[in-house]
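For reference, the structure is listed below as structure tokens.
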């Protein structure tokens, strides 16, 4: 749906854990969803791990996780991040934490059987964030992973790319990417101008690699916390 008065907002929180806290967060992958399911105003959420290097690797990164949430309103998101005991424990155990507030402008496909985003009629004039997500059919895993590491490496080299990371609910077959671009044009040029990326798109359509997939665009409009130099780069564009 598209509505200029939609109050729904999405957030992506990047979390870095070190030492023994890396074991704690690993255990939370099973425990936290039960707690998050009871949070007021939280319409949809995914707590995800990341891959090695920039996330586009079959090897796991035991230190970096991502919490993606869709909220009824920004005020309810703030209530959770500022006052929730559950999130306070996450925050106290991280060595670095960064939340990006987003407004969905385009979304198609399904994630766990639903499209959680209410899109808004906003024309992006600055940076744009993208979430892609897919459940890969088991028989196509070797083909998928023969392409993705090279594809992920190339993203970091593309003009206009600010940040990208490969994340997922379960290793290897339930994958998502989160990326931030200087502009819609930069994202579009990569998506449709990169030969390797176009080859992957073609194969997924021809062979039906995915049993479920989703693609969504967002306008980032607010940030909290730090993540290396990412916030400095993003704040110049917001």
Looking at 98, 117, which is the one that is at pLDDT 95 or above and in a loop (DSSP other than H, G, I, E, B)? 117
Counting only residues in region 156-195 that are surrounded by fewer than 13 Cβ atoms within 10 Å (Cβ to Cβ) and in a helix (DSSP H, G or I), the one modelled with the highest pLDDT is identified as 185
Restricting region 205-238 to residues that are modelled with pLDDT under 90 and not in a helix (DSSP H, G or I), the one surrounded by the most Cβ atoms within 10 Å (Cβ to Cβ) turns out to be 209
Given the criteria assigned to a helix (DSSP H, G or I) and either modelled with pLDDT of 95 or more or in contact with a strand residue (DSSP E or B) (Cβ under 8 Å, 6 or more places away or on another chain) (or both), does residue 79 qualify? yes
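The values are calculated or read from the model by the stated rules, or taken from the named source; none is laboratory data. Computed from a predicted model, the values in this text were never measured in an experiment. Heads up, the Cβs are rebuilt from the backbone with ideal geometry, glycines too, and the neighbour counts pull from every protein chain shown.
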